[in-house]
Amino acid sequence: MEPVGTKKKIDRDETIIVAEHLVKIFPGPVPALDDFSLRVKRGEVLVVIGPSGSGKSTLLRCLNGLETIDAGTIVIDAIPLDHRESNRLAIRREVGMVFQSFNLFPHLTVLENINLAQCLVRRKSKPEATRTTRALLAKVGLEEKIFQYPDTLSGGQQQRVAIARALALQPKVMLFDEATSALDPEMIGEVLAVMRTLADEGMTMVVVTHEMGFAREVSDRVVLMEAGRLVEEGATAVFFGQPAQERTREFLRQIL
């Protein structure tokens, strides 16, 4: 296993996520995804923004197979996300996801929460999994919380444990679905600090967030979604400094 925190050598010209012409329909007047296409390069940090109901969370859930698409194609690290269960399981092993809610098992300790998937999915022995867990908890600044239960932790600490749990499977891509939106303001910074570290280490990240300071500082590229469609995408400095679309300018005026 590569040591936790190692800066990886990355070919940033290599595309790792290819999503083309995605359609996802739920009951209602507007598709959640409406002919949506996106490519993400290895090691890139892509931030997805947009108004509520624009399809941002649905996009992430489709990328890791939690939702099935009604049309279009998704390929992650050369694996098609299709009807084959083996492919879907392979992608879920390679794509980590952190949700708004922490989704930790309340009856398990921090150690047990992070060890569980390593033993079940990666078939690690308990001692091997525990070594990885300890290293990851040190990485997120929670080594001393290893034997505590989730309800004894603050929201920010629980979210950092959730990030460590996702990282324990050594994913090639990390998806963050508004990972700080359920946190008190003083706890947001500690979670964003961990995400900055991952970005610095070259983790491929697709981040849905309302934290525009983080987006400006850490992302390589920003996408604006609305009504399931891509409104505009561009390099971060250009997106915030010289957006091409009036809808983008209007949205940024509202949130900045």
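The values are calculated or read from the model by the stated rules, or taken from the named source; none is laboratory data. The shown structure was predicted, so the numbers you read here are calculated from the model rather than taken from an experiment. Because the Cβ atoms are built from the backbone with ideal geometry, glycine has one as well, and the counts that use them run over all protein chains shown. Each accessible area value is taken on the protein alone, full model and side chains, heavy atoms only, with ligands, DNA and RNA left out. Shrake-Rupley method; radii C 1.70, N 1.55, O 1.52, S 1.80 Å.
Here are the numbers for the structure shown:
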{"read-out": "Global form of the stretch 43-126, assessed from the alpha-carbon gyration tensor, a/c cut-off 1.5", "value": "oblate"}
{"read-out": "Whether the stretch 166-235 is rounded, prolate or oblate, judged on the alpha carbon gyration tensor where a/c under 1.5 counts as rounded", "value": "oblate"}
{"read-out": "Cβ-based net charge around Pro80, under 12 Å, with every Lys or Arg adding one and every Asp or Glu removing one", "value": "-1"}
{"read-out": "Estimated FRET transfer efficiency (Leu89, Gln245; beta-carbon r; R0 51 Å; 0.05)", "value": "0.85"}
{"read-out": "Residue-averaged 222 nm ellipticity for the chain, from DSSP H runs of 4+ at -39500 (n - 2.57), nearest 500", "value": "-11000 deg cm²/dmol"}
{"read-out": "Accessible surface ranking that places the most exposed of Cys62, Cys119 first, with a 1.4 angstrom probe", "value": "Cys119, Cys62"}
{"read-out": "Subset of Lys126/Lys172; Lys56/Lys172; Lys24/Lys139; Lys139/Lys172; Lys124/Lys145; Lys124/Lys172 violating a 27 Å alpha-carbon distance limit", "value": "Lys24/Lys139"}
{"read-out": "Top of Asp34, Asp13, Asp177 by mean-square fluctuation, Gaussian network on the chain, Cα under 10 Å", "value": "Asp13"}
{"read-out": "Shape category assigned to the stretch 1-143 from the gyration tensor of Cα positions, a/c cut at 1.5", "value": "prolate"}
{"read-out": "Solvent-accessible heavy-atom area per residue, rounded to whole Å², over the chain at 1.4 Å", "value": "46 Å²"}
{"read-out": "Estimated FRET transfer efficiency when R0 is 51 angstrom, pair Ala78-Ala193 (beta carbons, to 0.05)", "value": "0.95"}
{"read-out": "Carbon and sulfur %, accessible surface of the chain computed with the full protein complex present, 1.4 Å", "value": "52 percent"}
{"read-out": "For Ser154, net neighbour charge (Lys/Arg +1, Asp/Glu -1) across residues whose Cβ lies under 15 Å away", "value": "-3"}
{"read-out": "Residues whose placed amide H lies under 5 Å from that of Glu44, excluding near-sequence neighbours", "value": "Met205"}
